[in-house]
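Novice: Got a structure for you, written out below as structure tokens; questions coming shortly.
The values are calculated or read from the model by the stated rules, or taken from the named source; none is laboratory data. Nothing here was measured: the structure is a model prediction, and the numbers come from that model. Note: ideal-geometry Cβ built from the backbone for every residue, glycine included; neighbour counts use all protein chains shown. The protein model used for the area step is the full one, side chains on, heavy atoms only, and it has no ligands, DNA or RNA in it. Shrake-Rupley method; radii C 1.70, N 1.55, O 1.52, S 1.80 Å.
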Amino acid sequence: MPALSPTMTQGNIAKWKKKEGEKIEVGDVLCEIETDKATLEFECLEEGFLAKILVPEGSKDVPVGQAIAITVEDADDIQNVPATVGSGSDVKEEKSTDQDVKSEGGAQETSSINASELPPHVILGMPALSPTMNQGNIAKWRKKEGDKIEVGDVICEIETDKATLEFETLEEGYLAKILAPEGSKDVAVGQPIAITVEDSNDIEAVKTSASSSSGKKVKEEKPSHHGSKAEASKAKGNFKRISPSAKLLISEHGLDASSLHASGPYGTLLKTDVLAAIKSGKGKKSSAVEKGAPPPQKSPQPSAIPSLEPKQSDSFEDLPNTQIRKVIARRLLESKQTIPHLYLSTDVILDPLLSFRKELKEQHDVKVSVNDIVIKAVAIALRNVPQANAYWNVEKGEIILCDSVDISIAVATEKGLMTPIVRNADQKSISAISSEVKQLAEKARVGKLTPNEFQGGTFSISNLGMYPVDQFVAIINPPQAGILAVGRGNKVVEPLLGSDGIERPAVINKMNLTLSADHRVFDGQVSGAFLSALRANFSDIRRLLL
């Protein structure tokens, strides 16, 4: 049962929109859920099959987090789901145990706050912003402690495994206390992240109670922790992480790690921190410690061979990864391991495109990029060769043709590669595509894309023409079957046939296009037909206006 509002603790299953055994696509409505505020639709964010409905239509007061259905990726796995799962006592016992664990975990998280001492308040938990989300990161707090919050205000930005989404409030009040500070990682769904109150006069009472309880908890926990791990605490010092180069320098110079201070992200002790301590003379171990321990024994090295350790120590630094990059790495590996990639390359003449672009700007004051026209050319080629606008259905073992031409555009962001989608690109004008691409790219860079703006798509384009890249091959974005890699344009001299039938050397602009295709969908005939249609669009650019 999803939490469809920050204050929702239970809901009613008003109506199931899908039946057991049915195929579910991204964005399909699984069921209608009646909350304390309204009846809302529960949309699916992943493909699969509805194998078993655990909570039937009309069920009342279903707690948030309780299992309401089981989905599977493969249709053949539906029969493997036990028929007894759902209404039996086993499920109730399993769920009650799970709820007990969750309540215990919640108690541990909020044990530093005595709710009885607080004025009327609401504890906001980490929301489940997608059906598969079980934890998230607090990317940014948009409201500060003491700020007034209205219905629909964005409280904070939460980074999930798919995107950075906004957490909106559905009730008025004041943000009294932030429990999970900005930058918090892997916060479990349901774990308290903030406290709100209805009256501004109650803010200080919440802050005071939370601070004093938190201080009391720290005082109680510290002695036992120090007593059990005194040596480990001394060795670790005032930092949470340490880079390999910093660890090596500490060992080489015999420094006391407990006196070093970290300046890196998320409390990481960097090499520069250790070098600064060495330069200032800080961090050295006391003479008593040095006398008590024998000097480190180094294995003799031939004088003719210089030591490479200092150079190696300069080569390492730990960098924290984002959730998005982790997902990208997993999906790229899966793509290369499970999809038989077929690569085909061709060159197209850019001069007609450049002339057309210049004409649009001078005569119609319409500014579009080369990439905008490439998107339109690819979309028209996919419409003319519908066999290329398809994907491989693993469950059925067959090719599925797509009804619409939806082009995914690769956009580089600080957190990783995103692929916003220009839907029905073959039906839109070049100027409309240009405007939409600008908006989607900006939203991707600031992490504001909604799931429907980057999930789906039938074909991808990766353009590195703005860099000195003549040719490259891209990795297919599953479950799609093709991605086009676009290189930069280069001036070349080639013989051209004149009107008099005589070939003469001429300077022309050429651009390389490389298709990475799923060989299960693209055989030689389909690949050749698609590239032929694409080349025709570039040679006669006005075909795109038809």
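Novice: For GLU157, are the conditions met, namely being modelled with pLDDT of 85 or more and surrounded by fewer than 17 Cβ atoms within 10 Å (Cβ to Cβ)? So that I can check it myself, show each step before the final result.
Specialist: Numbers: modelled with pLDDT of 85 or more: yes; surrounded by fewer than 17 Cβ atoms within 10 Å (Cβ to Cβ): no.
It is false that GLU157 is modelled with pLDDT of 85 or more and surrounded by fewer than 17 Cβ atoms within 10 Å (Cβ to Cβ).
Novice: May I pose another question? Any chance the range 1-11 includes a residue that's open to solvent by 70 Å² or more (accessible area, probe 1.4 Å) and either more than 24 Å from GLN455 (Cβ to Cβ) or part of a strand (DSSP E or B) (or both)?
Specialist: Yes, there is a match, as at least one residue in the range 1-11 is open to solvent by 70 Å² or more (accessible area, probe 1.4 Å) and either more than 24 Å from GLN455 (Cβ to Cβ) or part of a strand (DSSP E or B) (or both).
Novice: Could you tell me whether LYS491 is closer than 22 Å to PHE356 by Cα and either acidic (Asp, Glu) or within 23 Å of the chain's Cα centre (by Cα) (or both)?
Specialist: Taking the combined requirement at face value, the residue does not satisfy it.
Novice: Moving on. I'd like the full set of residues that are closer than 24 Å to GLU73 by Cα and at pLDDT below 90, limited to the range 4-16.
Specialist: Across the range 4-16, there are no qualifying residues.
Novice: May I pose another question? Answer yes or no as to whether LYS19 is in a loop (DSSP other than H, G, I, E, B), modelled with pLDDT of 85 or more and more than 21 Å from ASN134 (Cα to Cα).
Specialist: So LYS19 fits the description; yes.
Novice: Search the range 22-43 for residues being part of a loop (DSSP other than H, G, I, E, B) and in contact with a Ser or Thr (Cβ under 8 Å, 6 or more places away or on another chain), and hand back the single one that is modelled with the highest pLDDT.
Specialist: It comes out as THR35.
Novice: Looking only at the range 393-418, count how many residues are open to solvent by 20 Å² or more (accessible area, probe 1.4 Å) and in a loop (DSSP other than H, G, I, E, B).
Specialist: Qualifying residue count for the region: 10.
Novice: Identify, from the list VAL385, VAL368, VAL378, the residue that is at negative phi and within 28 Å of the chain's Cα centre (by Cα).
Specialist: The unique qualifying residue is VAL378.
Novice: Here's a follow-up. Under 6 Å between Cβ atoms, at least 6 apart or on separate chains: pull out the pairs that start in the range 502-518 with a residue that is within 20 Å of THR338 (Cα to Cα) and end on any residue that is part of a strand (DSSP E or B).
Specialist: Pairs that qualify, where the first residue is within 20 Å of THR338 (Cα to Cα) and the partner is part of a strand (DSSP E or B), are LEU515/LEU344; LEU515/LEU484; SER516/HIS341; SER516/TYR343; SER516/ILE483; ALA517/LEU342; ALA517/GLY482; ASP518/TRP392.
Novice: Based on this model, can you work out whether GLY465 counts as surrounded by 16 or more Cβ atoms within 10 Å (Cβ to Cβ), among the small types (Gly, Ala, Ser), farther than 24 Å from ILE380 by Cβ and touching a residue at least 24 places away in the same chain (Cβ under 8 Å)?
Specialist: For GLY465, the condition - surrounded by 16 or more Cβ atoms within 10 Å (Cβ to Cβ), among the small types (Gly, Ala, Ser), farther than 24 Å from ILE380 by Cβ and touching a residue at least 24 places away in the same chain (Cβ under 8 Å) - is not met.
Novice: Could you say whether any residue in the range 535-545 is open to solvent by 70 Å² or more (accessible area, probe 1.4 Å), assigned to a loop (DSSP other than H, G, I, E, B), over 22 Å from LEU354 (Cβ atoms) and of a type outside the set (Ser, Thr, Tyr)?
Specialist: Looking only at the range 535-545, we keep the residues that are open to solvent by 70 Å² or more (accessible area, probe 1.4 Å), and these are 535, 539-540, 542-543, 545.
Next, from what is left, pick out any that are assigned to a loop (DSSP other than H, G, I, E, B): 540.
If we keep only those that are over 22 Å from LEU354 (Cβ atoms) as well, we get none.
Checking the range 535-545: not a single residue is open to solvent by 70 Å² or more (accessible area, probe 1.4 Å), assigned to a loop (DSSP other than H, G, I, E, B), over 22 Å from LEU354 (Cβ atoms) and of a type outside the set (Ser, Thr, Tyr).
Novice: Tell me, yes or no, whether the range 49-61 has at least one residue that is of a type in the set (Gly, Ala, Ser), modelled with pLDDT of 80 or more and either farther than 28 Å from GLN455 by Cα or touching a Pro at 6+ places or on another chain (Cβ under 8 Å) (or both).
Specialist: yes
Novice: Also, I was wondering about something else. Looking at the range 179-189 only, could you name the residues that are open to solvent by less than 50 Å² (accessible area, probe 1.4 Å) and either in a loop (DSSP other than H, G, I, E, B) or not hydrophobic (A, V, I, L, M, F, W, C) (or both)?
Specialist: ALA180, GLY183, SER184
Novice: Next question, about the same structure. Suppose the filter is assigned to a helix (DSSP H, G or I) and among the β-branched types (Val, Ile, Thr); does VAL492 pass it? Before the answer, list the steps.
Specialist: Numbers: assigned to a helix (DSSP H, G or I): no; among the β-branched types (Val, Ile, Thr): yes.
Spelling it out, it is not the case that VAL492 is assigned to a helix (DSSP H, G or I) and among the β-branched types (Val, Ile, Thr).
Novice: Can you tell me which residue within the range 419-457, out of those that are under 20 Å from LYS376 (Cβ atoms) and in contact (Cβ under 8 Å) with a residue 60 or more places away in the chain, is surrounded by the fewest Cβ atoms within 10 Å (Cβ to Cβ)?
Specialist: Looking at the filtered set, the residue picked out is SER431.
Novice: Can you name every residue in the range 513-534 that is in contact with a helix residue (DSSP H, G or I) (Cβ under 9 Å, 6 or more places away or on another chain) and in a helix (DSSP H, G or I)?
Specialist: GLN525, VAL526, SER527, ALA529, PHE530, LEU531, SER532, ALA533, LEU534
Novice: Would you confirm whether or not the range 452-472 contains a residue that is of a type outside the set (D, E, K, R), part of a loop (DSSP other than H, G, I, E, B) and farther than 26 Å from SER345 by Cα?
Specialist: yes
Novice: Filter the range 29-48 down to the residues that are open to solvent by 40 Å² or more (accessible area, probe 1.4 Å), out of contact with any strand residue (DSSP E or B) (no Cβ under 6 Å at 6 or more places or on another chain) and under 24 Å from PHE454 (Cβ atoms) and list them by number.
Specialist: Passing the criteria: GLU46, GLU47.
Novice: While we're here: Take the range 481-501 and flag every residue that is more than 20 Å from VAL370 (Cα to Cα), open to solvent by 10 Å² or more (accessible area, probe 1.4 Å) and touching a residue at least 12 places away in the same chain (Cβ under 8 Å).
Specialist: Passing the criteria: VAL493, GLU494, LEU496.
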